[in-house]
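Have a look at the structure below, then the notes.
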């Protein structure tokens with residue numbers, strides 16, 4: 001590769017040399033060429049008979065053409081030797097690029113192994129001219145959007161940073177956000193790349209820009225794009241809900257298409273080299289604090305190479321006034337999960353338990369959305385339960401969600417057991433009250449349940465009578481009640497064979513007369 005020297009520059013070199021007042025260094029500087037280049041043209045003119053004291057009339061068009069031809073030998077068909085060398089291997093190059101479909105760079109590597117070494121740029125130009133269908137597409141500069149319309153995002157690895165929480169150095173990444181029109185940027189550093197990290201970075205970006213852009217163009221970030229597709233990418237539900245809350249649209253870039261976010265693509269190495277490299281940050285908070293200052297002062301105060309404007313000034317003048325206003329409260333990032341309903345009618349989300357209504361829900365999977373205040377649960381798209389948010393280890397149990405026969409036990413509802421006892425028999429209710437008259441009444445709930453079971457077995461009247469007798473003796477023991485009922489049955493004798501313990505006739509009971517023994521008539 002060489003810098004093309006125009007005929008005008010050649011004339012200027014020889015004109016100043018003929019004046020006799022300047023040396024070769026000053027002649028070269030004045031003509032805008034290298035000193036060695038100037039010497040070659042002077043030596044070529046001298047070999048053609050040009051005298052230094054002969055004056056400028058010697059520099060005719062014919063002489064200048066001869067000098068240029070002597071320094072730069074003519075190229076056949078306008079190309080140099082490397083081009084001609086590729087022409088002699090045209091068929092081999094065609095086989096690699098056209099037939100096998102290799103890239104131009106790969107084809108150049110294979111040719112170099114065979115001893116054909118040419119400049120890469122020459123190889124690209126040759127393939128573009130002879131194999132236009134396989135040539136790499138050139139870059140077409142996209143038109144800038146309207147002010148405040150588009151913000152492009154990309155994640156990039158910065159390096160290592162000490163994490164005082166884990167007491168070790170960790171890899172830190174930067175979320176780089178670039179306003180497309182003004183090129184003003186914001187940088188947010190993070191150790192992880194979760195959906196919560198992206199949302200936190202954007203929340204800080206809205207505060208930095210003092211507004212929200214209408215369209216966000218992210219790379220195929222896993223926290224944002226669940227499934228990448230050219231036309232219908234699958235966006236993470238949590239991030240999609242965030243975009244709906246903040247009022248911006250998502251236009252995800254395609255996989256391996258850097259031109260879709262060209263304004264942001266080259267900013268990651270720029271941030272790495274100009275901001276992060278060589279700095280000694282105390283921790284992540286210090287790095288993010290200094291990143292804001294760097295974005296305002298250095299990155300925002302430089303003259304951008306494309307726009308030839310200072311990004312911060314262009315942003316404040318054109319984009320900031322038309323941004324979507326930022327909400328007063330920061331976004332409450334929710335956590336989503338797909339828990340399964342346990343046999344105890346609870347689901348576990350973030351180490352906390354919540355009840356789900358419906359006996360038929362056990363074993364089924366529900367969708368959970370938990371933020372800092374509430375926990376919402378959905379089944380087949382329908383909201384089925386809302387609980388207050390509980391800390392890890394906490395529990396939110398709604399008695400209405402549990403089966404009726406289990407509610408009292410699960411909720412340790414002493415009053416409901418007493419009420420059931422009084423409903424059966426006043427003495428039974430009084431006896432249950434006596435059972436519960438302790439500092440830890442729920443420890444006696446099993447005895448109360450057994451007493452109610454005795455009512456179902458022997459009848460409320462019999463159990464009530466036994467409870468009255470036990471209370472008169474000031475003995476509170478359910479086992480004693482059971483023994484009293486069993487002994488009472490034994491004393492009744494065989495005459496009660498067809499009667500159930502609760503006093504009701506059995507379904508298949510026979511009349512006792514059928515079992516009487518009758519003697520033979522005399």
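The values are calculated or read from the model by the stated rules, or taken from the named source; none is laboratory data. Since the model is a prediction, treat every value here as computed from it, not as a measurement. Note that each Cβ is placed from the backbone with ideal geometry, even for glycine, and that neighbours are counted across all protein chains shown.
Just to confirm my filter: which helices (runs of 4 or more DSSP H) fall fully inside segment 1-67 and include at least 1 residues that are touching a residue at least 24 places away in the same chain (Cβ under 8 Å) and either in contact with a helix residue (DSSP H, G or I) (Cβ under 8 Å, 6 or more places away or on another chain) or more than 30 Å from residue 124 (Cβ to Cβ) (or both)? Let's see the steps before the verdict.
Numbers: elements: 7-19, 24-31, 35-47.
Fully inside segment 1-67 and qualifying: 7-19, 35-47.
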- Task: Take the residues in segment 269-289 that are surrounded by fewer than 17 Cβ atoms within 10 Å (Cβ to Cβ) and more than 24 Å from the chain's Cα centre (by Cα), then tell me which one is farthest from residue 200 (Cα to Cα).
- Result: 278
- Scan segment 437-463 for residues that are outside any loop (DSSP other than H, G, I, E, B) and either in contact (Cβ under 8 Å) with a residue 40 or more places away in the chain or on the phi > 0 side of the Ramachandran plot (or both) and jot them down. 449, 456, 457, 458, 461, 462
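Residues being over 13 Å from residue 15 (Cα atoms) and surrounded by fewer than 19 Cβ atoms within 10 Å (Cβ to Cβ): count how many of those fall in segment 26-36.
First, the residues of segment 26-36 that are over 13 Å from residue 15 (Cα atoms): 29, 32-36.
Still in the running and surrounded by fewer than 19 Cβ atoms within 10 Å (Cβ to Cβ): 29, 32, 34-36.
Residues in segment 26-36 being over 13 Å from residue 15 (Cα atoms) and surrounded by fewer than 19 Cβ atoms within 10 Å (Cβ to Cβ): 5 in total.
Quick one: is residue 51 over 60 Å from the mean Cα position of the chain (by Cα), modelled with pLDDT under 85 and not assigned by TED's automatic domain parsing to the domain that holds residue 130? Show your work before the answer.
Values: over 60 Å from the mean Cα position of the chain (by Cα): yes; modelled with pLDDT under 85: no; not assigned by TED's automatic domain parsing to the domain that holds residue 130: yes.
Judged against the criteria, residue 51 is not a match.
Yes or no: residue 446 more than 20 Å from residue 426 (Cα to Cα) and either at pLDDT below 65 or within 60 Å of the chain's Cα centre (by Cα) (or both)?
no
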- Item | All strands (runs of 3 or more DSSP E) inside segment 180-281 with 3 or more residues being touching a helix residue (DSSP H, G or I) at 6+ places or on another chain (Cβ under 6 Å) | 185-190
- Does segment 398-420 contain any residue that is modelled with pLDDT of 90 or more and closer than 30 Å to residue 196 by Cβ? no
- Item | From the options 95, 84, residue that is modelled with pLDDT of 85 or more, part of a helix (DSSP H, G or I) and surrounded by fewer than 15 Cβ atoms within 10 Å (Cβ to Cβ) | 95
- Message: Residues that are closer than 23 Å to residue 370 by Cβ and touching a strand residue (DSSP E or B) at 6+ places or on another chain (Cβ under 7 Å): does segment 287-294 have at least one?
- Response: no
